[in-house]
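Taking it in order: structure first as structure tokens, then the write-up.
The values are calculated or read from the model by the stated rules, or taken from the named source; none is laboratory data. Since this is a predicted model, take the numbers as computed values, not measurements. Here the Cβ is made from the backbone with ideal geometry for all residues, glycine too, and neighbour counts use every protein chain on show. To get the accessible areas, we keep the full protein, side chains included, count just its heavy atoms, and leave off ligands, DNA and RNA. Shrake-Rupley method; radii C 1.70, N 1.55, O 1.52, S 1.80 Å.
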Amino acid sequence: QVQLVESGGGLVQPGGSLRLSCAASGFTFSTRDMNWYRQVPGKERELVAGIITTGGRTNYADSVKGRFTISRDNGKNTLYLQMNNLKPEDTAVYYCNTKIRWTTYWGQGTQVTVSS
């Protein structure tokens, strides 16, 4: 079955960096567009970044442009999110996501906390 497993979250000081990973299995990773979302308690889950199958096109939320970079390694079935110059408002649970036919799949999430 489809599995998405995020890792790499943690506690970091403002201005610091983290690299999130999402290990995918149970489907042909190279044929699916992939996304990173984040959610804070009491708010809707928001799209952070997306990447097409080949990695040739990406998109970002305005709030993270110039600081975050989404990438993928189709040989390793892994999605990444490099997060630089982190701010307290980036604190959230981060999820990777894909859609296969009519079903949307989510990982379990990884907590990112930006605090001094």
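Solvent-accessible area per residue for the chain at a 1.4 Å probe radius, Å²?
On the way: 6280 Å² over 116 residues.
Result: 54 Å² per residue.
A full extension of the chain between Ala61 and Thr91 corresponds to an added length of 9.3 nm, given 0.36 nm per residue minus the alpha carbon distance.
At a temperature of 4 °C and a viscosity of 1.567 mPa s, determine how fast region 60-116 diffuses translationally according to Stokes-Einstein, using the Kirkwood radius over alpha-carbon pairs as Rh; express D in µm²/s, rounded to the nearest whole number.
On the way: Rh = 13.1 Å.
Rounded to a whole number, D works out at 99 µm²/s.
Summing charges over all other residues whose Cβ lies under 13 Å from the Cβ of Gly9, with Lys and Arg as +1 and Asp and Glu as -1, gives 0. Of the trypsin sites (Lys or Arg not before Pro) in region 27-79, the ones in a loop by DSSP (not H, G, I, E or B) with at most 11 other beta carbons within 10 Å are Lys43, Arg57, Lys65. Taking the protein heavy atoms of region 61-104 in the context of the full set of protein chains, the accessible area attributed to carbon and sulfur is 46 percent at 1.4 Å. If you sort Asp62, Asp90, Asp33 by accessible surface, 1.4 Å probe, largest first, the order is Asp62, Asp33, Asp90.
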